[in-house]
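Inspection log for the structure reproduced underneath, given as structure tokens.
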Amino acid sequence: MIHFDFIVDDIDAENIMGVIDSEINKYETIRLNPKTSENMKDWFKQYIGYLEELKGKMKNTRVKEESD
């Protein structure tokens, strides 16, 4: 198990969340495609759930910026 503990700028935080959201949207689009097999639809649904769960594990709090 790994514990991540780091601080990023607002834009970096938005980008991290955006990457996960982008992946969710990509796989949701594929899952909803009528040409996607039922087995693959199930896999995509599970993977989307995993990504959403991963996002839920991210505990985000605003920190006070240090003065120079």
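Just so it is clear, none of the values below were taken in a lab; they were calculated from the coordinates. Bear in mind the structure is a predicted one, so any value in this text is a computation, not a measurement. Note that we place each Cβ from the backbone using ideal geometry, even for glycine, and neighbour counts take in every protein chain shown.
Show the residue pairs that are 6+ apart or on different chains and have beta-carbon atoms under 6 Å apart, the first residue being within the range 41-68 and free of Cβ contacts under 8 Å to residues at least 12 places away in the same chain, the second being surrounded by 10 or more Cβ atoms within 10 Å (Cβ to Cβ) and of a type outside the set (S, T, N, Q).
Once the first residue is free of Cβ contacts under 8 Å to residues at least 12 places away in the same chain and sits in the range 41-68, its partners that are surrounded by 10 or more Cβ atoms within 10 Å (Cβ to Cβ) and of a type outside the set (S, T, N, Q) give Lys41/Arg31.
Could you say which residue among Thr29, Thr36 is assigned to a loop (DSSP other than H, G, I, E, B) and surrounded by 11 or more Cβ atoms within 10 Å (Cβ to Cβ)?
Thr36
If we scan the range 49-66, do we find a residue that is among the basic types (Lys, Arg), surrounded by fewer than 11 Cβ atoms within 10 Å (Cβ to Cβ) and part of a helix (DSSP H, G or I)?
Yes - at least one qualifying residue is present in the range 49-66.
Assigned to a helix (DSSP H, G or I), exposed (fewer than 12 other Cβ atoms within 10 Å of the Cβ) and over 15 Å from the mean Cα position of the chain (by Cα): which single residue out of Ile2, Ile11 fits that description?
The conditions single out Ile11.
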